[in-house]
Amino acid sequence: MKSKEIVIIEPGTKAEFEKYYNLRWRILRQPWNQPRGSEKDNKEDESIHIMVVHNDQVIGCGRGHFNSPIEAQIRYMAVEKSCQGKGVGTKILKSLERKLIEKGVRTIILNARENAVKFYKKHNYKMIGEGHTLFGVIKHFKMRKEI
Ligand SMILES: CC(C)(COP(=O)(O)OP(=O)(O)OC[C@H]1O[C@@H](n2cnc3c(N)ncnc32)[C@H](O)[C@@H]1OP(=O)(O)O)[C@@H](O)C(=O)NCCC(=O)NCCS
């Protein structure tokens, strides 16, 4: 994982996975005082993982898992705060979508945090309803994209 350029890869080594989960935790869990480990669920081993690396630092990550052979769900999209709004999230989302479609997926669903709804709308996800509220404060919306 040596690069001065921006590269998009699937984490493979233990060290890469550590950096990948660390970014997930720092962006999606730490600000709400959630412990390490809370950034993972029981679908990690069967999921597609994508991360963006710049200057050997992981600056973005995202995950796709299968709900059925034709429906996938995207979770844990996170971009380093100082790198947000510069197209990194778009690279991750497009890469995940491409890999999921290659595997036969026809529908992608996700639960978007309120702050990320515009981002997903830009990528043609449609709002289909309200979702859960995480940690008592982060409102989510269910979104879906038909391929
Ligand atoms: C949501 C997130 C993954 C998007 O990644 P990003 O790299 O910031 O997004 P991009 O730069 O690729 O954005 C693409 C477009 O969406 C828009 N966008 C991104 N985040 C936005 C936001 N919070 N509000 C409004 N628009 C947003 C951008 O303006 C951009 O549009 P443009 O091309 O017209 O300028 C990232 O901002 C993030 O990690 N946010 C905090 C964690 C989070 O909420 N994760 C999502 C969990 S569901």
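Packing around the peptides 127-136, 89-98, taken as the average count of other Cβ atoms within 10 Å per residue, puts them in this order, highest first: 89-98, 127-136. P(r) tail, the chain: Cα-Cα pairs separated by more than 23 Å, 33% of all pairs.
The Cα center of region 109-147 and the Cα center of region 1-62 differ in position by 21 Å.
The lysines whose alpha-carbon is closer than 20 Å to the alpha-carbon of Lys103, local same-chain residues fewer than 8 away aside, are Lys43, Lys91, Lys94, Lys145.
With 0.36 nm allotted per residue and the present C-alpha distance subtracted, the Glu102-Glu146 stretch has 14.4 nm of extension available.
When the helices of the chain are scored as -39500 (n - 2.57) per DSSP H run of n ≥ 4 and the total is divided over every residue, the value at 222 nm lands at -7500 deg cm²/dmol.
Overall, region 7-109 carries a charge dipole of about 280 debye about its Cα centre when +1 sits on the Cβ of Lys and Arg and -1 on the Cβ of Asp and Glu, all other atoms neutral.
Of Ile138, Ala72, Gly85, which is farthest along the charge dipole of region 67-147 in the positive direction, counting Lys and Arg as +1 and Asp and Glu as -1 at C-beta? Most positive-ward Cα: Gly85.
In percent, rounded to a whole number, the relative contact order of region 7-109 is 27, using alpha-carbon pairs under 8 Å and six or more apart.
Within region 1-78, the GluC sites (Glu not before Pro) that combine a DSSP coil assignment with at most 16 other C-beta atoms in a 10 angstrom radius are Glu5.
Laboratory data are not the source of any read-out in this text; all were calculated from the coordinates shown. Every value quoted in this text rests on a predicted model; they were computed, and no experiment measured them. Glycine gets a Cβ as well: all are built from the backbone with ideal geometry, and neighbour counts include every protein chain shown.
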